[in-house]
């Protein structure tokens, strides 16, 4: 009985109590799948970007980016400056051009978003988006939460509001997502996305991890010539 | 007395005359009757096979044959080997010959030389067939320098249609093999034929010494350009039964740099046109009976690897965290242990020696700077290394568990290492077996003294009052 107890404890500790939230696993009929996307993205940033490049993301990933990617972040898990967090939140909730202006003023080079729609990872940035809107709206009054709600709910399907479909978080999460299965079915929200085919004007995709869980975009440099509307 | 003196004078004079004749018999008296060169450009490690039929048309025997290289190529030469062919057809055998870099006076345009020492001197009128093999690294220049994800990689190869040699060549042909049929452009030096994957330059007749006809070939090469910028291998010998090896890699894709976006959806859905010059797997050949293999980097364990072992070799297929495109880097550590009896032996004079493979276990990779550190157990004396090719050696001391005086480390450094350098080398050292007891004796005595101190403390009465 004592030997069984030892075996049981080891098994319970390995299966149930050892879930580091940075490496995800799933069991399927052909074995164990390991989702190491976070470390893949941080390793890519560490080795393939310049030392002084700044990475903007939601503050949940700040410490991980600093420690593993060894790059400067804009907000991290211990930021006390609510206005600074609201600036990042506003940028994520704004259309592309306004977001680019905000990030450019912070000297940001890369923007990182976490996207769980392809594999069904529920703690991604679209699910956390309501906080970006609320925190951003708490400081910057032009971000109004009702603009993003349809019947009191955040939607990303065909019933989503135009503000939602045009905001940076939507675009960076779902850029070319429709090309994976032809329909753009988001496994977390369990619906097809609203806007499927669109181009990015102010950002370019520089890296997406193996299971699409982390997507990294670079700010495009400003144009040399600006057309003035007559 | 006069007769032996005159005899000795005559002997000295004739020896002097013979020596001066030999000295002058370098370039002008040897001639290459037939030369065939095959250049293999399929991988980024260029292999060149040269078959030379050398004739001695001079009066005196020749004991060495010179090979000439242009100064731009000599910096990238990783290996130069030569062998003499003996016998014909089915009974051909190859006798390896020594090849050493050689300085020659008045070399035109900075030509560098290697001299091949023949086993027996080539007499007047005799001929010998030499097989020369050399490897060039970093000699394929990507052009365009930057490519996008959906483009294929094209590179330049610069050489000469006519083999550079200090001797006249009567007839020669060069065959160049490309990895695919796509050759963007090549310099025509008639007669030149391009058929499929092979370019044939020649035959060219009656070329004087030092003729050179530069050619540039622009072709497609999508084979992985895996270059390890720096590799540090630590081989730690423990007489308690195993050798622990730790290897620190800095890997880079040395082909055309990647520019612009990286689209994961295109990479996954259209692998035949997207990222064709990138690579995501590398194979490492490890010794058989390897145990405790780990593959990690600065931020933790990398789970994407496969280990396949059998009785003669082990293969570790590693997949870095992300596929490597041009200019992308990855650093990681591979560690493993092997049993001591496979690699440590005792030589006839009582010294122990480690017989281990030099070089990098990754296949088809060039290592720009390789450092091998052999950590000998504590108490080893007089270490020396025997390596079949030139390396820089020095000694260091490192401290590990339970070390008092430190362990001697033999450090071997070499630049420009290719898979042909993965051959065994030996490190000899003296070790008195009594030193093996030093560590357990230290541990046992520490515990002994501690327990004795406890016993003494409990039994000694330190009170002042009776």
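A short reminder: the numbers here are calculations on the coordinates, not readings from a lab. Only a predicted model underlies this, so the values are computations on that prediction, with no experimental measurement involved. Here the Cβ positions follow ideal geometry from the backbone for every residue, glycine too, while neighbour counts run over all protein chains shown.
The table that follows gives values for the structure above.
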read-out	value
Kirkwood Rh and Cα Rg combined as Rg/Rh, the stretch B:235-371	1.06
Three-way shape call for chain B based on the alpha-carbon gyration tensor, with the a/c threshold at 1.5	oblate
With Cα atoms, 0 to 90° folded angle of helix B:2-24 axis to chain B main axis	90 degrees
Principal axis dimensions, largest first and in whole angstrom, of the protein assembly as shown by Cα	123, 110, 46
Relative contact order computed over chain A (Cα-Cα under 8 Å; 6+ residues apart), in percent	19 percent
Convex hull per residue volume in Å³, alpha carbons only, for the stretch B:137-241	204 Å³
Antiparallel DSSP beta bridges within chain B, as percent of all bridges there, nearest 5	85 percent
Structure-based [θ]222 nm, chain B - -39500 (n - 2.57) summed over DSSP H runs of at least 4, per residue, nearest 500	-4000 deg cm²/dmol
Angle in degrees between helix A:82-93 and the longest Cα principal axis of chain A, rounded to the nearest 10	80 degrees
Choice from A:99, A:14, A:91 with maximal GNM fluctuation in chain A (Cα, 10 Å cutoff)	A:14
Under 14 Å from the residue A:83 label point (7 Å along Cα→beta-carbon), backbone N, the stretch A:120-147	A:138-141
Sorted by Cβ density within 10 Å, fewest first, the residues B:322, A:42, A:217, A:17	A:17, B:322, A:217, A:42
Cα pair distances of the stretch A:89-180 binned at 5 Å [whole percent]	3, 14, 24, 27, 20, 10, 3, 0
Relative contact order of chain B, pairs being alpha-carbon contacts under 8 Å that are 6 or more residues apart, as %	13 percent
Relative contact order for the stretch B:30-220, counting Cα pairs under 8 Å that sit 6 or more residues apart, in percent	27 percent
Ranking of A:103, B:356, B:389 by count of other Cβ atoms within 10 Å, fewest first	B:389, B:356, A:103
Prolate/oblate/rounded call for chain A, Cα gyration tensor, a/c under 1.5 rounded	prolate
DSSP bridge orientation in the stretch B:226-440 - percent antiparallel, rounded to nearest 5	90 percent
Sorted by Cβ neighbour density within 10 Å, fewest at the top, the residues B:43, B:314, B:348, A:21	B:348, A:21, B:43, B:314
Sites residue B:230 and residue B:59 - FRET efficiency at Förster radius 51 Å, r taken between beta-carbons, to 0.05	0.45
Using alpha-carbon coordinates, inclination of helix B:438-459 to the longest axis of chain B, degrees	10 degrees
Along principal axes, Cα extents of the stretch B:30-220, largest first, whole Å	60, 37, 29
Computed FRET value (nearest 0.05) for residue B:310 with residue A:10, which takes r as the C-beta separation and R₀ as 51 Å	0.95
Additional length obtainable on full extension of the chain from residue B:102 to residue B:301, 0.36 nm per residue less Cα span	66.8 nm
